[in-house]
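For reference, the structure discussed in these notes is given below.
The values are calculated or read from the model by the stated rules, or taken from the named source; none is laboratory data. Source: prediction; values computed, not measured. Glycine also receives a Cβ, built like all others from the backbone with ideal geometry; neighbour counts cover every protein chain displayed.
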Amino acid sequence: MSVIEESTPSSQRVRIGSYNTRVPGPLGTTVFESETVTRRGRPVELYFQETSLDLIENARIRAHGEIEIPCHRGTRDQLRLLDATLALVPPEHLRLVNSRKPQGFLLSDSTGLGDSLSYTGGLNAGRDYRATPLYDETQLILITYGALWENRDLGICPTVMHEIGHVMTHRSEISYGPFPEERAQALRGTTASRNPGELEALCNAYMYMLCYGASVPAIHNYGANPVSSQKDRVTRDALRRCRAFRAPLLDEAWQARYAER
């Protein structure tokens, strides 16, 4: 366990979102509430459950023995999930996260505002939210409680890896440049999340690649199956040619993790 608590847990009300109300939330399947937003001219129902959690306002996760990542407003269980997730992210990638997102990770009911509101997933925000004066959202990564709940049985939170993928696009540590043109075009046109944008499938590919390199069979399988354009050998080979997966951002031991199996 590499979580360092810097404040005392306190009970607070939170909203935990879900993509699928047939799957139990923390309060079961019968007590989901909903909220409607309009996206691309169409109404979209957002589902969540409201409950109380013991949140730690400020903590740090010490990854790879020396890299400390600030984490805010998580429970002990959620921080353990983040700890296990960050252990699968290469050290130099985490150093880039620290330099570009110095406030670390903020766990939150929701991401986005207005028609971009969501109770699931995560976000590299492009603006600071007035509702959270303690934090500058442009200097951190938002992860929803819904994303952490959804992936608790896997033992990690892939959404965290996806959002780190966005950080890795800032200076093209990952990019479509090394991809075959046909595959790059296909990924650019893939609807990979609720957020529009040609980088969403690329960041999913990064997420799946980190899982592919895991030694835990369930996590490796998540990164490999079922096969899709975001996690097949063509995409993995292209990612290995990206700067993120070559020296000096990966040493030989880390490169070996992502060798084809």
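Okay, residues lined up against (1) within 18 Å of the chain's Cα centre (by Cα); (2) part of a strand (DSSP E or B):
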position: Thr30; (1), (2): no, no
position: Thr51; (1), (2): no, yes
position: Glu68; (1), (2): yes, yes
position: Asp83; (1), (2): yes, no
Quiz item: Can you tell me which residue in segment 62-114 is surrounded by the most Cβ atoms within 10 Å (Cβ to Cβ), limited to those that are more than 26 Å from Pro26 (Cα to Cα) and acidic (Asp, Glu)?
Solution: Glu92
Quiz item: Do we find that Leu106 is modelled with pLDDT of 95 or more, outside the structural domain of Ala218 (by TED's automatic domain parsing) and assigned to a helix (DSSP H, G or I) in this structure?
Solution: no
Quiz prompt | Enumeration of residues in segment 8-25 that are at pLDDT 95 or above and not in a strand (DSSP E or B) | solution = Thr8, Pro9
Quiz item: For segment 218-243, how many residues meet the condition of being in contact (Cβ under 8 Å) with a residue 60 or more places away in the chain and within 16 Å of the chain's Cα centre (by Cα)?
Solution: 2
Self-check item: Scope segment 28-71; condition touching a residue at least 60 places away in the same chain (Cβ under 8 Å), hydrophobic (A, V, I, L, M, F, W, C), touching an Asp or Glu at 6+ places or on another chain (Cβ under 7 Å) and over 17 Å from Tyr145 (Cα atoms); matching residues
Solution: Val37
Practice problem: Please specify each residue of segment 167-217 satisfying the condition of being surrounded by fewer than 15 Cβ atoms within 10 Å (Cβ to Cβ), in contact (Cβ under 8 Å) with a residue 60 or more places away in the chain and under 18 Å from the mean Cα position of the chain (by Cα). | Solution: His170
